[in-house]
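Reading through the structure tokens given below for one structure.
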Amino acid sequence: MHESHIQDNAQMGPSDGWIPLGKDPLQQPRDVPVLSVERLAVSYETRYGDVPAVRDVSFTVQRGEAYSIVGESGCGKSTVAFSIVSFLGRNGKIVDGHVLFQGRDLVGHSEEELRKLRGDRISMVYQDPMQALNPSLRIGEQLAEVLTVHRGIGQSEAEDRCIHMLEQVHMPDPANVMRRYPHQISGGQQQRVVIAMALLNDPALLIMDEPTTALDVTVEAAVLDLVAELQHKFDTAIMYISHNLGVVARVSDQVGVMYAGTMVERASVNDVYLRPSHPYTLGLMRCVPRLGMDKAASYLYPIRGRVPSPRNLPPGCIFEPRCDFARPVCRQKSPEMCEVEPEHWARCHFAAEILSGKLEPPQDAVPDLQALAERRASDETVLRVARAKTYYEAPSKQLIGGEKQYVKAVDDVSVEMKRGHTLGIVGESGCGKSTLVKTIIGLESPTGGEFEFMGMDISMPVSKRSLDLIKELQMVFQNPDATLNPSFSVGSQIGRPLRRFKAVPAHQVRDEVVRILDLMRLGENYYNRLPRQLSGGEKQRVGIARAIAGRPELVLCDEPVSALDVSVQAAVLNLLLEVQQEMGTTMAFIAHDLSVVRFFCDTIAVMYLGQIVEFGPAEAIYAPPYHPYTEALLSAVPIPDPRAAQKHIRLSGSVPSALHPPSGCRFHTRCPRRLLLPDGGQICTVEPPPWQRNTDEHRIFCHIPLDTLRQMDAVVTIQE
Amino acid sequence: MLVRDYMTRHPMMGEPTMPIVEAQRYMWEHNLRHLPIVGDGKRLLGLVTRQTLLVDPGRLASLDVWEITSYLSGLTVKDVMVQAQDVISTSSDVTIEEAARTMVENRISCLPVIEAGVVVGIITETDMLCQLMELMATRAHGVRVTIQMPDVKGELAKLVSAISAQGWGILACGGVPAPKAPGKWETVVKIRNVSKDDIVAALSQIEGQEIIDVREM
């Protein structure tokens with residue numbers, strides 16, 4: 001009888017006759033939201049008067065729910081989080097509104113009262129785990145302190161509980177980890193420790209401020225899985241703050257979109273992503289590449305202009321200066337948050353029209369990419385790298401003598417680049433992608449292998465290269481702040497390569513710089529500005545301008561858009577595309593965002609631990625047959641679409657040390673597909689895999705037969 | 001079916017220094033009947049219920065109007081709460097029926113759930129009733145039939161085999177000693193996707209058992 005009961009319940013989904021628990025009066029206590037923020041306004045006191053950082057933000061987080069706040073940098077999302085835990089700093093203050101935690105107002109109480117009121121019921125996890133952990137204390141001591149100091153639990157019992165909690169966050173070998181220092185564990189493990197620490201108090205609300213931004217995609221996916229699991233196990237409400245639309249789509253139930261210090265739209269995750277009703281949300285959705293989009297068939301629409309400074313807000317709607325739908329009324333009257341449809345709020349005069357599709361965003365800005373495709377028909381090989389090796393010497397552990405050890409950052413890598421094509425290089429951090437690029441440009445000297453650029457040997461460091469060669473090979477770096485000299489004006493920095501390479505006669509340098517600035521959509525008035533007067537996106541454009549000024553043949557881009565907001569990222573990607581179209585430049589593009597790489601690149605190389613494991617045209621990489629590592633990467637990448645269903649493949653362990661790479665196939669220690677081979681993939685541990693050719697251009701470095709790999713399903717499917 | 005599955009995690013709580021007026025308003029606004037009072041690290045210090053908030057009229061009668069005001073405004077939760085050592089509590093791995101028994105025997109309507117002195121949840125009468133409701137699959141449509149049978153081994157098996165012979169599935173099933181017929185046992189079964197008449201036809205055939213109530217719900 002018992003069995004039939006279970007069976008019956010299993011067959012009967014919630015839609016199949018079960019009446020949901022309604023707003024039964026008896027259920028009332030459960031319905032009090034864990035957190036309710038009402039018309040919150042926060043200002044920072046500065047020398048120039050109060051700066052309103054957050055205005056009129058309202059939302060509620062229900063028990064056990066995951067609420068995300070998404071927005072670009074500087075939109076005030078962290079300020080909202082800090083005002084909940086009253087961590088605004090000395091000059092920050094809540095000027096209006098209420099923050100109700102479990103129905104009790106946190107505004108207007110003293111520090112001590114707040115501490116009692118909040119008690120240990122709100123915890124927070126920050127972006128950088130290393131900043132939340134004390135580097136001079138063992139992890140065990142730090143964790144146990146939470147229990148011994150706050151709860152007066154005895155030392156040994158506290159340790160037992162900490163070990164138990166580390167098990168809950170899937171930390172391998174927790175007892176051992178307790179004895180280590182924070183620097184002795186990996187970034188993903190550090191973040192697990194921080195999450196464990198936050199959960200030791202069993203909080204009703206956990207605030208996570210960009211918890212995975214500093215992590216690799218594979219680690220990020222595992223941490224997000226963990227958060228979702230713990231949310232259900234501990235019945236904890238989670239407030240999630242992120243700029244990453246993919247991460248938000250994966251973790252949240254409800255989403256609030258913030259722009260320039262106020263909330264512009266809030267609704268369920270599906271409504272925000274699939275039926276946005278505020279022009280800004282719509283713009284955000286149009287400027288992120290989705291996995292599967294490529295540059296030939298689609299276009300990224302950047303949001304023009306930039307976020308207004310909180311000191312200098314437009315009189316009407318704050319988004320009006322950048323809005324495609326702006327009308328006179330938007331300039332005069334600031335819209336209120338209104339309910340467009342049940343539980344879907346937007347701050348726009350025309351939200352209903354946008355939602356019903358009466359207002360369509362303009363499509364006309366699409367440039368003609370056909371010319372680009374034609375120009376790219378050239379099959380001439382620009383760069384050929386064969387069996388490249390870059391080793392770093394590591395000191396031997398013995399005091400005297402001892403064998404020299406090498407970190408094999410790049411080991412036996414061969415790539416070819418054709419004129420006008422873009423090569424994407426992807427892989428986890430530490431896989432050697434940056435080292436490969438630095439070796440090509442000459443910032444690292446190669447240990448072995450052939451490097452041939454347009455028929456010339458370039459296996460020497462940059463200091464030994466001729467000026468002509470340097471001119472042809474240029475680089476765009478990840479962090480524009482670090483690459484621009486803060487005390488030189490934009491014009492002189494772009495002009496320098498022109499003068500140095502004598503690309504144009506000396507009296508024409510200024511005109512040429514202005515021409516390049518125009519190409520970068522910056523304009524002549526930027527000529528005399530200093531880097532600190534530019535926004536992040538503008539700095540990166542100057543970085544690109546400087547790289548392309550001498551009309552190089554090959555531009556190497558090391559994560560050029562990772563530090564940028566999505567709307568700016570779209571603009572920079574479009575710019576790079578236009579530059580390529582204009583000048584026929586060949587590009588290498590390193591990125592960890594697989595959607596961006598898919599969008600931007602023609603050919604992709606997937607790297608793991610110093611080696612390329614899969615190489616081929618972009619569309620071939622994203623469809624079966626996959627290398628098992630590519631498959632795992634694709635299943636981890638956060639996709640900005642709540643309908644996306646991904647195969648659940650998580651790599652265990654962390655990347656092995658490049659000092660002693662595993663024998664045979666380097667991926668065998670973490671490979672989830674090894675068991676497909678006879679006798680558990682013994683061959684992988686002994687023999688390096690062969691290059692198997694799927695098509696002429698697509699090759700996979702794996703022992704598993706291509707036919708087996710071909711039979712696998714696609715990793716990502718979109719459910720309509 | 002343990003306390004941990006049915007308790008309310010992260011209950012709303014108060015602290016001892018809370019003025020009684022505020023506690024009363026808080027409980028009233030959110031329709032709370034019980035407010036665990038905790039100190040640092042969520043350690044249980046006491047419990048406030050609606051009864052504890054009632055002020056003894058005898059005490060007030062001896063005071064004049066001004067004294068009443070100052071007396072009431074000076075009261076904090078600490079002065080009226082049931083002290084922790086007198087609070088009857090439970091732990092999260094106790095069965096739900098055991099917790100129900102504790103509540104019935106002590107005639108109380110809630111149990112704070114404590115682990116190592118720390119409040120991890122609260123379980124109330126409402127949670128118990130919710131559990132009863134779920135146990136009887138109240139939220140699913142079906143036919144609920146009550147059968148009286150002799151308190152003899154094998155009788156339930158007869159009933160179940162009669163149901164499974166028809167190819168029906170049991171949504172919920174429960175039994176108690178018949179309240180008004182000594183030596184008998186009353187079993188409630190909920191079956192779905194059948195009509196009342198089919199059930200009566202099939203189950204009235206069982207020897208020695210009697211249908212005493214059938215209703216669709």
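Things to note:
- As a proxy for reagent exposure, A:SER434, A:SER58 were ordered by neighbouring Cβ count within 10 angstrom, fewest first; the result is A:SER58, A:SER434.
- Considered as an equivalent ellipsoid built on the Cα gyration tensor, the protein assembly as shown has semi-axes of 58, 36, 29 Å, the largest given first.
- Counting Lys and Arg as +1 and Asp and Glu as -1 over every other residue whose Cβ lies under 10 Å from the Cβ of B:MET217, the net charge comes to +2.
- Screening chain A for whole DSSP H helices of 24 Å or more along their axis (Cα) with average Kyte-Doolittle hydropathy at least 0.0 returns A:217-234, A:566-583.
- Per residue, chain A reaches -9000 deg cm²/dmol at 222 nm when only DSSP H runs of four or more residues are counted, each adding -39500 (n - 2.57).
- Sorted by Cβ neighbour density within 10 Å, fewest at the top, the residues B:TRP185, B:TRP168, B:TRP66: B:TRP66, B:TRP185, B:TRP168
- Positive-end residue, chain A charge dipole about Cα centroid, Cβ charges, pick of A:ALA591, A:GLY420, A:HIS98: A:GLY420
- Selection from B:THR90, A:PHE501, B:PRO179, by position along the positive dipole direction of the protein assembly as shown (Cβ): A:PHE501
- Other-chain or far-sequence residues with amide H under 5 Å of A:ALA394's (modelled H): A:GLN405, A:TYR406, A:VAL407
- Taken along the Cα-to-beta-carbon direction at a fixed 7 Å, the label points for A:LYS397 and A:HIS660 span 0.7 nm.
- Residue-averaged beta-carbon neighbours from other chains (10 angstrom radius) around B:5-13: 5
- Other residues within the sphere of radius under 13 Å centred on the Cβ of A:ASN479, judged by their own Cβ, net out at -2 (K and R +1, D and E -1).
- Label-point separation in nm, B:SER204 to A:ASP481, each point 7 Å along Cα→Cβ: 8.4 nm
- Taking every alpha-carbon pair within the range A:526-656, the share separated by more than 24 Å comes to 40 percent.
- Around the Cα centre of the protein assembly as shown, unit charges on the Cβ atoms of Lys, Arg, Asp and Glu (plus for the first two, minus for the last two) sum to a dipole of about 2360 debye.
- About the centre of its Cα atoms, the range B:3-131 shows a dipole size close to 80 debye [charges on the beta carbon of Lys, Arg (+1) and Asp, Glu (-1) only; nearest 20 debye].
- Taking the range A:597-720 and dividing mean pair separation by its residue count, relative contact order in percent (alpha carbons under 8 Å, at least six apart): 32 percent
- Net charge contributed by nearby residues that have their C-beta within less than 14 Å of A:THR46 (K/R +1, D/E -1): +2
- Percentage relative contact order, chain A, counting C-alpha pairs under 8 Å, at least six apart: 12 percent
- Using C-alpha pairs below 8 Å separated by at least 6 residues, the relative contact order for the range B:31-177 is 18 percent.
- Net lengthening on full extension, A:GLU336/A:ASP518 (0.36 nm per residue, minus Cα-Cα): 61.7 nm
- Cα-derived Rg over Rh, computed across the range A:236-290 with Rh taken as Kirkwood radius: 0.93
- Table column - 3J(HN,Hα) (Hz), the range B:186-199, Karplus curve with 6.51, -1.76, 1.60, x for Gly and Pro: 10, 10, 10, 10, 10, 10, 10, 6, 9, 9, 4, 5, 4, 5
- Net dipole in debye of the range B:136-216 [+1 Lys, Arg Cβ; -1 Asp, Glu Cβ; about Cα centre; nearest 20]: 280 debye
- Residue order, fewest to most beta carbons within 10 Å, for A:LYS471, B:LYS42, B:LYS158, A:LYS358: A:LYS358, B:LYS158, A:LYS471, B:LYS42
- Charge-dipole axis of chain A as Lys and Arg at +1 and Asp and Glu at -1 on Cβ define it, positive-most pick from A:PRO314, A:VAL42, A:LEU284: A:PRO314
- DSSP-defined beta bridges in chain A - what % are antiparallel, rounded to 5: 65 percent
- Remark: for residue pairs A:LYS408/A:LYS438; A:LYS389/A:LYS464; A:LYS397/A:LYS464, the C-alpha separation exceeds 26 Å in A:LYS397/A:LYS464.
- Percent of Cα-Cα distances greater than 14 Å, calculated over the range B:136-216: 58 percent
- With both labels modelled 7 Å from their Cα along Cα-to-Cβ, the B:TYR71 to A:SER414 distance reads 9.7 nm.
- On Cα atoms only, tilt of B:20-29 relative to the major axis of chain B in degrees: 30 degrees
- Spherically averaged projected area of the range B:1-101 from its Cα convex hull (nm²): 7.8 nm²
Values quoted throughout were computed directly from the atomic coordinates according to the rules given, and no laboratory measurement underlies them. These numbers were taken from a predicted model, which means no experiment stands behind them. Neighbour counts are summed over all protein chains in view; Cβ atoms, including those assigned to glycine, are modelled from backbone coordinates with ideal geometry.
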